[in-house]
Amino acid sequence: MATLIHTLADHSDDVNYCAFSSSCLATCSLDKTIRVYSLSSFSELPYSPLEGHAYAVHCCCFSPSGRELASCSTDGTAALWDTRDGRRLAVLPQPGASPVRVCRFSPHAAYLLAGAADGSVVLWNLRALKPYRLGKVKGGSLMACAFSPNGNFFVTGSSSGDLTIWDDKMRCLYNEKAHDLGVTCCDISSHPVSDSENGFKYFQMASCGQDNKIKLWLILFADFLGVQLKYKCTLDGHSAPVLACAFSCDGQMIVSGSVDKCVIIYETSTGNTLHTLSQHTRYVTTCAFAPHSPLLATGSMDKTVHIWQLDLKQPCAGDTVENESKVAVEDWSEDDVSAWLCAQDLADFVGLFKTNNIDGKELLNLTKENLANELKIESLGLRSKVLQKIEELRMTMVSVSVPDEFLCPITRELMNDPVIATDGYSYEREAMENWISNRRSSPMTNLPLHSLMLTPNRTLKMAISRWLETQQK
């Protein structure tokens, strides 16, 4: 069941986009502003609205930590804002000053992707605030983009109807004609799904377009196999162009908004329609699920944003940790810590942790003494429960923070017996032996191997052993 619980009507023109962080909702509009609201009360934050763009604001998005907000506009720029006080941190001008239609942070917040009406794509280095890579789609305006969960690849959608997959060096790896009349939006679920044919992990991608359709795809991001895109199915239900689509955080639902003024929520696994919401009076331009609560936001040309409460099973603690793993725990904001506490059934401590400014780094360093003497948690049982949850979090970090160079490119698992092939890359011996028993090309470059000789990489093996020892201390 989806219940309309609040309506925001502060914009004076069409709402173009909405985005959630763990504690806030941001909306942007043709009225040149971005507005930011607290999820606890749906009240506008003191520094809102954010003003600075000269023309309509088309898109906005939060960084993974929620500390920064990006926006982009017809004025040919993307802007970065501090979500703590609303300060504008930077203005990033698009080459050629073309209207910027869409922007996205990479999962690790190292880059901001900005796509424009002239088809230009810029990957901004956020530390240097300079373009890292430049590209351009073939024909049409760039209308949509989404990063792979690991941030090494991204997908763009254009008004010519193409979906294009790029690597982080801005090399075009794959192109697919997806929607005859143009792509309007795309999204990638962060939850992998198994493909029964070959056992690889695929990610689900949704795209929508002017052809009234939502298409589901299975996409494989793998350096050693190249990128693969497989059509899965089409979701019919809208009677007019579909302008927006988004996955829920657990990947189990897809929401879409359309020119037919309707919002439809689908079950991903079956394609069945779960809810049809028709409270907007003009085109639905944007929709987004909240990351840590059963909330859905939908925005429209009727100048409103509706907030919906979904009657859903809450995610378990393990699910939350998996979702949060996209942001290193030590980089969590205070709001991320609050969301984690709620997921661990420790919501009573949110106020205490916020008062003491406990972010991810502070959380990981908490001890029994800190909890008793500084946070004043008197109950021994409660202190033990908090410490147990923190220890589980530390163990989860160990499992997800293996240095990439220690992982076999074929299996993506920690190497036990690394060997160097004649392509210059290191692999797990058994995996590489199985590989060359069927083919004589490099898993990394796809070029022919000069020789099938495998040389033990003792230096790498020692480095892995030393790293494992540090994890056990």
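Structure notes:
- Value of [θ]222 nm, deg cm²/dmol, for the chain, DSSP H segments ≥ 4, -39500 (n - 2.57) each, nearest 500: -5000 deg cm²/dmol
- Probe 1.4 Å, accessible area per residue of the chain, Å²: 45 Å²
- Of the trypsin sites (Lys or Arg not before Pro) found in region 56-118, the ones in coil according to DSSP and having at most 11 other Cβ atoms within 10 Å of their Cβ are Arg87.
- Across region 78-89, rounded Karplus estimates of 3J(HN,Hα) from the backbone phi angles (6.51 cos²θ - 1.76 cosθ + 1.60, θ = phi - 60°) give 10, 10, 10, 10, 8, 6, 7, 9, x, 5, 7, 8 Hz, Gly and Pro being marked x.
- Check: region 2-310 dipole with +1 on Lys, Arg Cβ and -1 on Asp, Glu Cβ, in debye: 600 debye
- Across region 179-186, computed HN-Hα scalar couplings (Karplus, 6.51 cos²θ - 1.76 cosθ + 1.60, θ = phi - 60°) run 10, 4, 9, x, 7, 10, 6, 8 Hz from first to last residue, x flagging Gly and Pro.
- Globularity ratio of the chain, using Cα Rg and 2.2 N^0.38 Å: 1.02
- Residues whose amide H lies under 5 Å from that of Ile34, counting only those 5 or more places away or on a different chain, are Leu50; hydrogens are built 1.01 Å from N in the peptide plane.
- Estimated inter-spin distance, Ala463 and Thr422, nm [label 7 Å along Cα→Cβ]: 2.4 nm
- In this rough spin-label picture, where each label sits 7 Å from Cα along the Cβ direction, the Asp404-Ala54 distance is 3.8 nm.
- Total formal charge among the other residues, if their Cβ is under 11 angstrom from that of Thr156, Lys/Arg +1 and Asp/Glu -1: +3
- Loop chymotrypsin sites (Phe, Trp or Tyr not before Pro), region 21-91 (other Cβ atoms within 10 Å of the site Cβ: 15 or fewer; DSSP): Phe42, Tyr47, Tyr55
- Estimated distance in nm for a label pair at Ser278 and Lys201, the labels positioned 7 Å out from Cα along Cα-to-Cβ: 4.2 nm
- Under 22 Å from Lys461, Cα to Cα: lysines that are on another chain or at least 8 residues apart: Lys473
- Across region 98-108, rounded Karplus estimates of 3J(HN,Hα) from the backbone phi angles (6.51 cos²θ - 1.76 cosθ + 1.60, θ = phi - 60°) give 6, x, 8, 9, 8, 8, 8, 7, 5, x, 9 Hz, Gly and Pro being marked x.
- For His275, residues with placed amide H under 5 Å, excluding near neighbours: Ile265
- For Cys24, nonlocal amide neighbours, meaning residues 5 or more places apart or on other chains whose placed amide H falls under 5 Å from its own, are Leu39.
- Taking 0.36 nm per residue of separation and subtracting the current Cα-Cα distance, fully stretching the chain between Ser379 and Met170 would add 69.8 nm.
The values are calculated or read from the model by the stated rules, or taken from the named source; none is laboratory data. Predicted model only: the values in this text are computed from it and were never measured. Using ideal geometry, Cβ is built from the backbone for each residue, glycine included, and neighbour counts are taken over all protein chains shown. The area values use the complete protein model at the heavy-atom level, side chains included, leaving out ligands, DNA and RNA. Shrake-Rupley method; radii C 1.70, N 1.55, O 1.52, S 1.80 Å.
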